[in-house]
Amino acid sequence: MRTLPTRGWRAPGARRPRGAPQRPASARPSFLPLPPPAKNVILAGVKAVTLHDPQPATARDAGANFYISPADAGTPRAHACRDRLAELNPAVAVTVADGELTEALIAAHGVVVVSEASTADAIRVDAAARAAGAAFIRADVRGVFGAAFCDFGDAFVVDDVDGEPPRTGIVAAVTPLAESGATLVTCVDDERLEFEDGDMVSFSEMVGCGELVSGGPWRAKNCRPTSFEVEVDSSAFAPHVRGGHATQIKQPKTLAFRPLEAAAASPGEFLVSDFSKLDRPPVLHLAFAALDAFAVETGRLPSPWDAGDAGRLVGIARGLNESAAAGARVELDDAAAALISSLAHTAAAELSPMASIFGGVVGQEVVKAASGKFHPLHQFFYFDATETLPPTRPADIGPRADRYDAQAAVFGVDFGARLAALRVFLVGAGALGCEFLKAFALMGVGTGAGGGRVTVTDDDTIEKSNLSRQFLFRDRDIGAPKSTAAAAAAAAINPDLALVALQERVSPATESVFGDAFWGGTNLVVNALDNVTARLYVDARCVHHGVPLLESGTLGAKCNTQCVLPGVTENYGASRDPPEKQAPMCTLHSFPHTVDHCLTYARSEFEGLLEKAPAEANAFLQDRAAFAAAARRAGDAAAREQLLAVTAALGPDAVSTWP
């Protein structure tokens, strides 16, 4: 599916300087076939999203695209997804562009995301996006391999490289260094100082050394856990008496991107995703170029586990490598040839876990392009999960003309049967829990065969604030138990999923529910929790009963995951995480019990009151018929809330011409 963001942030006739950041709420992205990034960008709240994908849906698509069902077979994929994507956020206009992908269509958007396109087509779209001042992102998932590329222009300005609050320190002493002409600043040792060499630092609330306060900002160097130096000679300054704060001053960073055509021939440095595979990105870059050449020559992708096609792909890669410039060649030894063969064996399959990974990556890149916040990919990113591949060709790889064909083509039909028989316990049905349930549904985990099932528990209920990230929920679900609503949504994706939804907290108090028999009858536990206490308890139960555990968590733009295998890896409780500096949103809204919680809760309420009503009003004014249709689909309670938001912003007469 192709997606294009619309340029609603720009006044008619105005030109945005190439690289100048735009607000996510005004960006208009366009997507060409990956559904996960479209979902993520719509939840982020851009102004509008355009879908372009004329390919007819097949039953196979339902294995990775959670907004396509087998009943959609024959319908163009963009049209099959549009209504379900639009439900995610009524404030975002989701449209479908039919026909050719023209330069005029590309120029109407601020960010263009392309997938499943040949390199020649991607180069054409990138050139058109550059000419229009739009950001360009390309992403592809091929079996257990994935690739992404970003081109944000010649001078893209990143206002905030890491998105973190400015680092601070409490000053204990200021000492001039006669030998170097610099100044040593020593801070209190209560907390580790997080300044880095090259940071710009300013000073405030300091008694004495006024020149240090009024001047600057100063460049920091020789940063240590409790001290740093600034590049200024303070020997003639007034002496430091006491106190003061040192604060990092964030500096914008300008990045120069090269167009895809130039970068493909000479890629430069790659972002490394796995430090145990430092030599792989250049080989994968060559492998994907060979895969594109293979598709151009044959009109298809390599057949799954076909030795002849694999050998042909390796031969194309060798030819491309020999004709490349000397500095762009890679060493094609036996290991590299085996890696390229693995790509050939799996390239025809689109797997839902890989689509989820790159959907998250691309969604973040769209937000970066729109906001100028966080450092974007610069420029190629490759990822592989070859560790998951069987050592030899599976006995039966199908196809069987069903939603599991892609998965069977890589791992075999027997692997799918093993997934269907799994008894999985999912603890938590929030943002991560929704993602896990979606993955289970697409992969056929716990679909009932051989006693397979998925048990999900969460004692929380759905709030309005959950809808921005917990994509299985809608306005009509507000107030309902998370586990029940999430299970119903997952069952809609795959009706064969055997689900048990509970509203119990997993703790010592509920061991009558989750007793020895329950834990002993579980094959896998997946944590999607938001607090350490519950994680430690679940981890202890898994250790006691010898059950594998997948531990994970998110906090803002950060995430972590840990796979715990009994007798093989250490368990979660074997090491302790540092104390959290931020609290999860569920805690903030359910039980804000500290000053920071209350302040953050107040800010959230403020944004809800002053952003929701204008957003609803804008959606109403832009397309009243579409607004009315979305309101009717949302249900009575949600529709009433939307109408109240519009009347609050525009007055009681605003809906007198309701469609």
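The values are calculated or read from the model by the stated rules, or taken from the named source; none is laboratory data. Predicted, not measured: the structure shown is a model, and the values here were computed from it. For neighbour counting, all protein chains shown are included, and Cβ atoms are generated from backbone atoms with ideal geometry for every residue, glycine included. Accessible surface areas use protein heavy atoms only, side chains included; no ligands, DNA or RNA. Shrake-Rupley method; radii C 1.70, N 1.55, O 1.52, S 1.80 Å.
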Just the accessible area for K373, please: 1.4 Å probe, Å², rounded to the nearest 10? 80 Å²
Listed residues P166, A139, V330: farthest to the positive end of the dipole of the chain (Cβ charges): A139
Tell me, in nm to one decimal, what length is gained between H597 and H545 on full extension, where the rule is 0.36 nm per residue of separation less the Cα-Cα distance? 15.1 nm
Helical mean residue ellipticity (222 nm; -39500 (n - 2.57) per DSSP H run of 4+; nearest 500) of the chain: -11000 deg cm²/dmol
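How large is the dipole of the chain about the Cα centre if only Lys and Arg carry +1 and Asp and Glu carry -1, each at its Cβ, rounded to the nearest 20 debye? Kindly include the intermediate steps, with their values, before the conclusion.
Working: 59 positive and 77 negative charges, 290 e Å.
Computed charge dipole of the chain: roughly 1400 debye.
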Neighbour net charge for S273 - beta-carbon separation under 11 angstrom, K R +1, D E -1: 0
Accessible surface, 1.4 Å probe, highest first, among residues D83, D199, D151: D83, D199, D151
Once you order the gyration tensor axes a ≥ b ≥ c over the Cα atoms, which shape class does region 441-582 get: rounded for a/c under 1.5, otherwise prolate or oblate by comparing a/b with b/c? oblate
Per-residue SASA entry for D189, accessible area with 1.4 Å probe, Å² rounded to 10: 120 Å²
To the nearest 0.05, the calculated FRET efficiency linking E607 and M200 through their beta-carbon distance, R0 being 22 Å, is 0.15
Only Lys, Arg (+1) and Asp, Glu (-1) charged, at Cβ; region 118-234 dipole about Cα centre in debye: 500 debye
Between N222 and T386, what is the FRET efficiency for a Förster distance of 56 Å, r being their Cβ-Cβ separation, to the nearest 0.05? 0.85
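Rounded, prolate or oblate: which one fits the chain, using the alpha carbon gyration tensor with axes a ≥ b ≥ c (rounded when a/c is under 1.5, else prolate when a/b beats b/c, else oblate)?
Values: a/c = 1.30, a/b = 1.20, b/c = 1.08.
It comes out rounded by the Cα gyration axes.
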Based on the mean of other Cβ atoms within 10 Å per residue, sort peptides 518-526, 291-299, 344-352 so the most packed one is first. 344-352, 518-526, 291-299
Order K253, K368 by their accessible area, 1.4 angstrom probe, all chains in place, largest first. K253, K368
Checked against a 31 Å limit on the C-alpha separation, the offending pairs among K277/K482; K253/K558; K250/K558; K277/K373; K250/K438; K277/K464 are K277/K482; K250/K438; K277/K464
May I ask for the net charge around V427, where only other residues with Cβ less than 11 Å from the Cβ of V427 are counted and Lys, Arg are +1 while Asp, Glu are -1? -3
Accessible area of the chain with a 1.4 Å probe: how many percent of it is carbon plus sulfur? 55 percent
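By average Cβ neighbour count within 10 Å, what is the ranking of 214-222, 37-45 from highest down? Spell out each step's value before the answer.
Values: 214-222: 15.8, 37-45: 24.7.
Listed from highest to lowest mean packing, they are 37-45, 214-222.
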Could you check what % of the DSSP bridge pairs in the chain are antiparallel, to the nearest 5? 65 percent
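Can you give the accessible area per residue of region 118-174, in Å², using a 1.4 Å probe? Mind showing how you got there, number by number?
Numbers: 1730 Å² over 57 residues.
On a per-residue basis, 30 Å².
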If you take every residue apart from L467 with its C-beta less than 10 Å away from the C-beta of L467, what net charge results, scoring Lys and Arg +1 and Asp and Glu -1? 0
